[in-house]
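A short write-up of the structure that comes next.
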Amino acid sequence: MEIKDLKFEQGIEIRETDAFLIVDMQYDFLPGGALAVEGGDDIIEGINKIGSLFLNKGASIVQTQDWHPQNDKSFASNHPGKEPGDEFHGDGIGPVLWPDHCVQGTKGAEFHKDLDKTLARAIIRKGMDSEVDSYSGFRDQLKKKETGLRGFLNGLDIKRIFISGLALDYCCYYTAIDGIEFGFDVNFIVDLTRGIDDPEGSISNALKDMKNKGVKFLNQQSFY
Ligand code: VGL
Ligand code: ZN
């Protein structure tokens, strides 16, 4: 399943009970960063634009922020002899090991300067447990501990979520399928994400799985 095979929803009207999620738009995931996603900076302007559309409708905007301790087990550097990109299938870690990225309090963990910081009602941090990674904005990979995002959205009576940001095949994808499992109407704004595709095929696998689970696909045009 490739992006060109997707069908996109049209004519979406934003409601007050919608949320726009901006996933991990941090220096380390952008070109020049430790775990740069190709073309990640191309989506900043569109995110700002769609974000202000949501803001003007009284909807909620939430940013997630990958926020790892330096001793994080998802980093290859914490496994002697391992390199970033090496396969790893630990309990809540993997399927690959990453370079050190988004370490708490570092420049790489900050949001990109061009991202409009006035939009978000909340910032949800994740990946703070050194033993268990959290790709999803909702909870860790073992599904044991939530981040608070579900409670926040439920508290505002939000029914529909719209996902943008990085990376398509990791944090955006896991956030989307958890959103479905938690009962939200999940909408994935494909042209406001970019993927890593490591291991190869992970973008198309993510798209296929989201489609099967009932995630809807949109692009920026869907709102006009
Ligand atoms: C992410 C890999 C490791 C992401 C975060 O934001 O997609 N990917 N940590
Ligand atoms: Zn991470």
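The values are calculated or read from the model by the stated rules, or taken from the named source; none is laboratory data. None of these values were measured; they are calculated from a predicted model. Quick reminder, even Gly has a Cβ in these numbers, built from the backbone with ideal geometry, and neighbours come from all protein chains shown.
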For this session: Please give the strands (runs of 3 or more DSSP E) falling wholly within the stretch 105-199 in which 2 or more residues are more than 15 Å from ligand 1 (Cβ to nearest atom).
Result: 160-166, 185-194
For this session: Mind listing just one residue for me: the one in the stretch 197-217 that is farther than 21 Å from Lys159 by Cβ and in contact with a helix residue (DSSP H, G or I) (Cβ under 6 Å, 6 or more places away or on another chain) and, of those, surrounded by the most Cβ atoms within 10 Å (Cβ to Cβ)?
Result: Ala206
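So that you can scan it fast, the table gives a plain yes or no per residue for (1) loosely packed, with under 13 Cβ neighbours inside 10 Å; (2) away from ligand 2 (no atom under 16 Å from the Cβ); (3) part of a loop (DSSP other than H, G, I, E, B):
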| site | (1), (2), (3) |
| --- | --- |
| Gly33 | no, no, yes |
| Ala36 | no, no, yes |
| Ile44 | no, yes, no |
| Asn48 | no, yes, no |
| Gly51 | no, yes, no |
| Gly58 | yes, yes, yes |
| Thr64 | no, no, no |
| Ser77 | no, no, no |
Problem set entry | Members of the stretch 14-38 found to be without any contact (Cβ under 8 Å) to a residue 40 or more places away in the chain and out of contact with any Asp or Glu (no Cβ under 8 Å at 6 or more places or on another chain), listed by number | Gly32
Exercise. Any idea how many residues of the stretch 205-224 are outside any loop (DSSP other than H, G, I, E, B) and among the small types (Gly, Ala, Ser)?
Worked result: 2
Exercise. Does any residue of the stretch 20-31 turn out to be over 19 Å from Glu110 (Cβ atoms), at pLDDT 95 or above, more than 16 Å from ligand 2 (Cβ to nearest atom) and buried (at least 24 other Cβ atoms within 10 Å of the Cβ)?
Worked result: yes
Exercise. Scanning the stretch 166-221 for residues that are of a type in the set (Phe, Trp, Tyr) and more than 16 Å from ligand 2 (Cβ to nearest atom), which turns out farthest from Phe20 (Cα to Cα)?
Worked result: Phe182
